[in-house]
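Asker: There's a structure below that I have some questions on.
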Amino acid sequence: ISESKNLRISKSQNFRISELYLNDFPENKDLYPKLKNVKAATVDMNCSDPGFEAVAAQYLKVFDDVITAVEEKPGDVQTACDRLVAVGKMHRQKVSGMNVSMFQNMEEPFILMVKHVLQDRFNEKAEMLYRKFFQFCLKYLLEGFNG
């Protein structure tokens, strides 16, 4: 994850990643009503819904915060773990109908986003590292959610 600074997401990249998500995972549209300030009827493949863009940016910020915390204190990942546990708790408390599998189902969109951001630097090793990173995140998200 040492290239993580290259994963910082610009507004235009966030828009493109949101568009990819909408195109590659249309089956998730049924879940949009659970997203704050997102009007499912107005979310389209052009990603023109500002609420959807804001939620996408929030999700990406969680991963960015975790990477930043680990980079700042490689020997002490407690800040990163605490952030993930807090996000898991928040979902348990505020998202009705949320279940554990919904967190796991974020892995493929996450990997797709990494692939898009890294472009030609994305290879098997990068994929393996980011899958391990996602599983690390998932462990603490679920700890907070199930806690």
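The values are calculated or read from the model by the stated rules, or taken from the named source; none is laboratory data. Just so it is clear, the model here is predicted, and its values are computed rather than measured. Positions of Cβ are backbone-derived with ideal geometry, glycine not excepted, and every protein chain shown enters the neighbour counts.
Asker: Can you tell me how many residues within region 122-141 are acidic (Asp, Glu) and either surrounded by 14 or more Cβ atoms within 10 Å (Cβ to Cβ) or in contact with a helix residue (DSSP H, G or I) (Cβ under 7 Å, 6 or more places away or on another chain) (or both)?
Answerer: Residues flagged as acidic (Asp, Glu) and either surrounded by 14 or more Cβ atoms within 10 Å (Cβ to Cβ) or in contact with a helix residue (DSSP H, G or I) (Cβ under 7 Å, 6 or more places away or on another chain) (or both) within region 122-141 amount to 1.
Asker: Further question: Inside region 108-147, can you point out the residues that are among the small types (Gly, Ala, Ser) and not in a helix (DSSP H, G or I)?
Answerer: If the condition is that a residue be among the small types (Gly, Ala, Ser) and not in a helix (DSSP H, G or I), then 147 is the only one that fits.
Asker: Restricting the first residue to region 63-77 and requiring it to be of a type outside the set (S, T, N, Q), which pairs with a second residue that is not in a helix (DSSP H, G or I) meet a Cβ separation below 6 Å and a spacing of at least six or different chains?
Answerer: Short answer, once both residue conditions are applied: 70/77.
Asker: Hey, can you tell me all the residues within region 56-82 that are in contact with a Lys or Arg (Cβ under 8 Å, 6 or more places away or on another chain) and either buried (at least 19 other Cβ atoms within 10 Å of the Cβ) or under 10 Å from residue 140 (Cβ atoms) (or both)?
Answerer: 66, 69
Asker: Is it fair to say residue 56 is modelled with pLDDT under 80 and under 22 Å from residue 145 (Cα atoms)? Before you say what the answer is, go through the steps one by one.
Answerer: Values: modelled with pLDDT under 80: yes; under 22 Å from residue 145 (Cα atoms): yes.
Here the answer is yes, as residue 56 does meet what is asked.
Asker: Give 85, 114, 100, 95 a once-over and let me know the one that is under 15 Å from residue 67 (Cβ atoms) and out of contact with any Pro (no Cβ under 8 Å at 6 or more places or on another chain).
Answerer: So the residue among 85, 114, 100, 95 that is under 15 Å from residue 67 (Cβ atoms) and out of contact with any Pro (no Cβ under 8 Å at 6 or more places or on another chain) is 114.
Asker: Among the numbered criteria (1) touching a Lys or Arg at 6+ places or on another chain (Cβ under 6 Å); (2) exposed (fewer than 12 other Cβ atoms within 10 Å of the Cβ), which one does residue 119 miss?
Answerer: The one condition residue 119 does not meet is (1).
Asker: Moving on. Pick from region 83-107 the residues that are at pLDDT below 90 and assigned to a helix (DSSP H, G or I): which of them is surrounded by the fewest Cβ atoms within 10 Å (Cβ to Cβ)?
Answerer: By that ranking, first place goes to 94.
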